[in-house]
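Before we start, here is the structure in question, set down as structure tokens.
The values are calculated or read from the model by the stated rules, or taken from the named source; none is laboratory data. Computed from a prediction, not measured in an experiment: that's the story for all the values here. All Cβ positions, even for glycine, are placed from backbone atoms using ideal geometry, and neighbour counts span all protein chains on display. Each accessible area value is taken on the protein alone, full model and side chains, heavy atoms only, with ligands, DNA and RNA left out. Shrake-Rupley method; radii C 1.70, N 1.55, O 1.52, S 1.80 Å.
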Amino acid sequence: MRALTVVPQRKDSLAVTDVPDPEPGKNDLLVDALAVGVCGTDKEIAAGDYGWAPPGRDRLVIGHESLGRVRQAPDGSGFSPGDLVVGVVRRPDPVPCGACAHGQFDMCRNGRYTERGIKELDGYASQSWRVEADYAVRIDPALVKVGMLMEPTSVVAKAWEQVGKVGARTWFQPRTALVTGAGPIGLLAALLGMQHGLDIHVLDRVTDGPKPRLVTDLGATYHYGGIADAVAATKPDIVIEATGVGQLVFDAITSTAAYGIVCLTGVSPAGRRLTIDAGSLNREIVLENDVVVGSVNANLSHYSAAADALARADPDWLGRLISRRIPLERYTEAFTTQPDDVKVAITFG
Ligand SMILES: [Zn+2]
């Protein structure tokens, strides 16, 4: 069968290649691929900057934002042929560390976890794939065109959970949240924030393209330009930072209301230096009891929360997040699109 593969950490090695058909084990589902979403991590892997092949192999099948339809399911697995499913990305480390031993592999302490399509396990960008029934998540049939948004939604479901857990350390009744960045993560964070009943504001740089309408159609408020103006207008209790832009990260930290929580979800490139007033930053955090929390990846509970959130969302709105659907053979187009395109998916079959 055909798969999108790469020699990790080698430039220009991304290609559609022939790989052996999947051989499902006795607790595995056999799944026909419908689509994979392409994100920044995939672009880093394609550029040769990231990723690890399975032990003893040169090439890795990429793709971690999966969507497929079950072809075969073992008896008693809870899945049936025809079900729409998404495969979980991370697997616990083999030791396992305490977090992984408790099913919290998203919080792995020793870094020896593996990840489908990223770290030592083949991903989901192949015509069919196998997945352990325990690491498959069924999604609503209405999400057949947009289910590849599940993985990024699981990441924001975790971010909101972290905000809630941090907030619960004392009285907490947030009203307003600011999301910085209206890419897929930011827009999905805004969706879940609206579902939580918050007054949601989204800040981005663009004044045209799909982003402003996507925000306002959600019932949230779109801001462009500087964060200072957006903060003055909104006084957020919570900031979800989804750009990884260094200056914006520091501005977000200093911009919350008292008892503010900033959840950082964007990964910045290392080596870019900023001049910051460390004293003011310290005063702001201490004197307002602020918290800055980083959040990445997701465990099974977050996938489950994401499935619920997507089932409650408007499928048409979700569909507008995916600006382009590109057949596997034309995969190169999926890696050269602009960030303002929101989300690109590669389709199969
Ligand atoms: Zn671990």
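Name the residues in the stretch 25-48 that are in a loop (DSSP other than H, G, I, E, B) and either open to solvent by 50 Å² or more (accessible area, probe 1.4 Å) or touching a Phe, Trp or Tyr at 6+ places or on another chain (Cβ under 7 Å) (or both), would you? Talk me through it step by step, then tell me what you get.
Going through the stretch 25-48, the residues in a loop (DSSP other than H, G, I, E, B) turn out to be 25-27, 39, 47-48.
Across the stretch 25-48, the qualifying residues are Lys26, Asn27.
Is one or more of the residues making up the stretch 112-133 closer than 20 Å to Ala306 by Cα, within 15 Å of the ligand (Cβ to nearest atom) and out of contact with any Cys (no Cβ under 9 Å at 6 or more places or on another chain)?
Yes, the conditions are met somewhere in the stretch 112-133.
Any residue that is of a type in the set (S, T, N, Q), farther than 24 Å from Gln72 by Cβ and open to solvent by less than 40 Å² (accessible area, probe 1.4 Å) - is there at least one of those in the stretch 167-177?
Filtering the stretch 167-177 down to residues of a type in the set (S, T, N, Q) leaves 170, 173, 176.
Checking the rest, the ones that are also farther than 24 Å from Gln72 by Cβ come to 170, 173, 176.
Imposing the further condition that a residue be open to solvent by less than 40 Å² (accessible area, probe 1.4 Å) reduces the set to 176.
So far as the stretch 167-177 goes, yes, one or more of its residues are of a type in the set (S, T, N, Q), farther than 24 Å from Gln72 by Cβ and open to solvent by less than 40 Å² (accessible area, probe 1.4 Å).
Suppose we keep only residues that are of a type in the set (Val, Ile, Thr) and buried (at least 18 other Cβ atoms within 10 Å of the Cβ) within the stretch 53-111. Which one would you say is farthest from Pro184 (Cα to Cα)? Break it down stepwise before answering.
First, pick out the residues of the stretch 53-111 that are of a type in the set (Val, Ile, Thr): 61-62, 70, 85-86, 88-89, 95.
Okay, now just the ones that are also buried (at least 18 other Cβ atoms within 10 Å of the Cβ), so 61-62, 70, 85-86, 88-89.
Details: Val61: 23, Ile62: 19, Val70: 26, Val85: 20, Val86: 18, Val88: 18, Val89: 18 Å.
Among those residues, the one meeting the criterion is Val70.
Determine whether the stretch 228-238 contains at least one residue that is in contact with a Phe, Trp or Tyr (Cβ under 8 Å, 6 or more places away or on another chain) and surrounded by 15 or more Cβ atoms within 10 Å (Cβ to Cβ).
Looking only at the stretch 228-238, we keep the residues that are in contact with a Phe, Trp or Tyr (Cβ under 8 Å, 6 or more places away or on another chain), and these are 237.
Adding the requirement that they be surrounded by 15 or more Cβ atoms within 10 Å (Cβ to Cβ) leaves 237.
Yes.
Quickly run through the stretch 178-214 and pick out the residues that are surrounded by 14 or more Cβ atoms within 10 Å (Cβ to Cβ) and either of a type in the set (S, T, N, Q) or touching a Gly at 6+ places or on another chain (Cβ under 7 Å) (or both).
Once the filter is applied, which keeps residues that are surrounded by 14 or more Cβ atoms within 10 Å (Cβ to Cβ) and either of a type in the set (S, T, N, Q) or touching a Gly at 6+ places or on another chain (Cβ under 7 Å) (or both), the stretch 178-214 yields Val179, Thr180, Gly181, Met194, Gln195, Ile200, Val202, Asp204.
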